[in-house]
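As structure tokens, the structure follows; a few thoughts come after it.
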Amino acid sequence: MSFVREGFRIAGRHKRLVVVLWLVPLIPALILGAMAASNLAPALGQSLFADRALDGGWFVVLMEFRSSPADALRPIISRGLIVMAMLTLLLQVALSAGVVEVLLERDERHPFALGVGKNFLRFFRTMILLVVTTAVLVIAGRFLIRGVFKLAEAQADGRFDLLGIGFAVVLFFILWAPLDLAADLSRISAARHDDRSMVRGFFRALGSVVRRPGLFVPMYLVFLLLPLLLHFIYYQLRSPWTPATVGAILALLAAQQTVMLIRAFFKLGFWGAEITAYRGLDEPEYCRSKVKTRPVEEPVAETPEILEVDEVLEAR
């Protein structure tokens with residue numbers, strides 16, 4: 001847990017970076033929300049029905065609008081969501097590339113921009129590898145859940161459905177957490193040592209994570225539970241009332257963005273904790289290539305003294 005505390009101390013030294021992590025992912029969400037609202041609001045007008053639909057409370061209404069030829073909501077919700085998800089993913093990779101370089105604290109000028117330019121492609125390759133391994137786990141989980149559903153149908157007991165879903169979710173996180181940590185550690189190693197073998201680094205870092213459960217399991221539990229606790233507290237405070245005035249709506253908006261700002265601080269603190277843990281492992285070169293070229297030694301110039309020694313040796 002000392003790594004987590006040190007990570008939050010590191011995050012506290014980079015407050016402007018917290019603001020960047022908060023504001024940049026907000027841009028795709030604002031664009032998509034504005035496009036959806038511009039299609040829904042004129043059709044529904046100002047009413048409680050419109051407010052409920054725009055709030056997402058009436059899923060059936062949204063699906064009717066999605067399939068209606070009278071508006072452009074279908075491409076926004078279908079293809080628009082895919083495009084915005086990809087854009088958000090690329091933004092997260094770029095932010096991670098800059099964040100790691102800043103948190104390494106190596107006294108470089110403009111470390112964030114330097115990190116984005118130097119680390120983006122490496123981090124992107126690691127992200128692709130993480131997406132592929134995650135997809136494999138998701139597919140395996142689907143087969144597991146389908147098998148449990150068949151068992152529940154054969155036993156005529158719906159409790160097996162809940163048991164199977166819960167077991168699949170827990171098993172997914174148990175298997176996915178080391179992959180997530182390995183991806184981050186390999187990125188940190190690549191940025192620290194300027195190495196480029198990201199696939200090799202990913203699996204080397206995965207080995208380090210698996211061999212040290214006492215270090216990484218408590219740390220990842222903090223990574224998982226802190227955001228969940230934050231959103232649970234917000235939901236408990238938010239659910240009893242509905243904003244009905246301009247002031248209440250603005251207050252709710254401020255509360256939502258405060259939650260997102262705290263999440264950005266958590267994210268930066270988690271990166272700081274991982275960098276601290278990586279340093280505690282003596283900064284291994286996970287992403288070093290298998291064949292590493294040695295520098296060619298420069299020939300020594302033949303000075304008069306060396307020539308004189310050579311003549312003496314030849315005379316002997």
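The values are calculated or read from the model by the stated rules, or taken from the named source; none is laboratory data. These figures come from a predicted structure and were not determined experimentally. Positions of Cβ are generated from backbone atoms using ideal geometry, with glycine treated the same way; all protein chains shown enter the neighbour counts.
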Quiz item: Hey, residue 153 hits all of (1) surrounded by fewer than 16 Cβ atoms within 10 Å (Cβ to Cβ); (2) acidic (Asp, Glu); (3) within 24 Å of residue 276 (Cβ to Cβ) but one; which does it fall short on?
Solution: (3)
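Can you go through 210, 217, 170 and tell me which one is in a helix (DSSP H, G or I), touching a Pro at 6+ places or on another chain (Cβ under 8 Å) and either at pLDDT 85 or above or among the hydroxyl-bearing types (Ser, Thr, Tyr) (or both)? It would help to see each step written out before you state the result.
Values: 217 fails: touching a Pro at 6+ places or on another chain (Cβ under 8 Å); 170 fails: touching a Pro at 6+ places or on another chain (Cβ under 8 Å).
Result of the check over 210, 217, 170: 210.
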Quiz prompt | Which listed residue is assigned to a helix (DSSP H, G or I), small (Gly, Ala, Ser) and over 18 Å from residue 224 (Cα atoms), from 251, 273 | solution = 251
Practice problem: Among what's in region 178-213 and is more than 15 Å from residue 126 (Cα to Cα) and among the small types (Gly, Ala, Ser), pick the residue that is surrounded by the most Cβ atoms within 10 Å (Cβ to Cβ). | Solution: 208
Exercise. Run residue 218 past the list (1) free of Cβ contacts under 8 Å to residues at least 24 places away in the same chain; (2) loosely packed, with under 14 Cβ neighbours inside 10 Å; (3) not hydrophobic (A, V, I, L, M, F, W, C) and report the number of the one that doesn't hold.
Key: (1)
Exercise. State all residues of region 258-270 that are closer than 17 Å to residue 231 by Cα, out of contact with any Phe, Trp or Tyr (no Cβ under 7 Å at 6 or more places or on another chain) and either in contact (Cβ under 8 Å) with a residue 24 or more places away in the chain or surrounded by 18 or more Cβ atoms within 10 Å (Cβ to Cβ) (or both); if no residue qualifies, say none.
Key: 262, 263, 265, 266, 267
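Every residue, every condition in (1) over 25 Å from residue 255 (Cα atoms); (2) out of contact with any Cys (no Cβ under 9 Å at 6 or more places or on another chain); (3) at pLDDT below 90; (4) assigned to a helix (DSSP H, G or I), yes or no:
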site	(1), (2), (3), (4)
16	no, yes, no, yes
22	no, yes, no, yes
29	no, yes, yes, yes
39	yes, yes, yes, yes
42	yes, yes, yes, yes
Practice problem: Give the number of residues within region 121-144 that are among the basic types (Lys, Arg) and closer than 23 Å to residue 91 by Cβ. | Solution: 2
Quiz item: Of the residues in region 139-150, how many are surrounded by 11 or more Cβ atoms within 10 Å (Cβ to Cβ) and of a type in the set (Val, Ile, Thr)?
Solution: 2
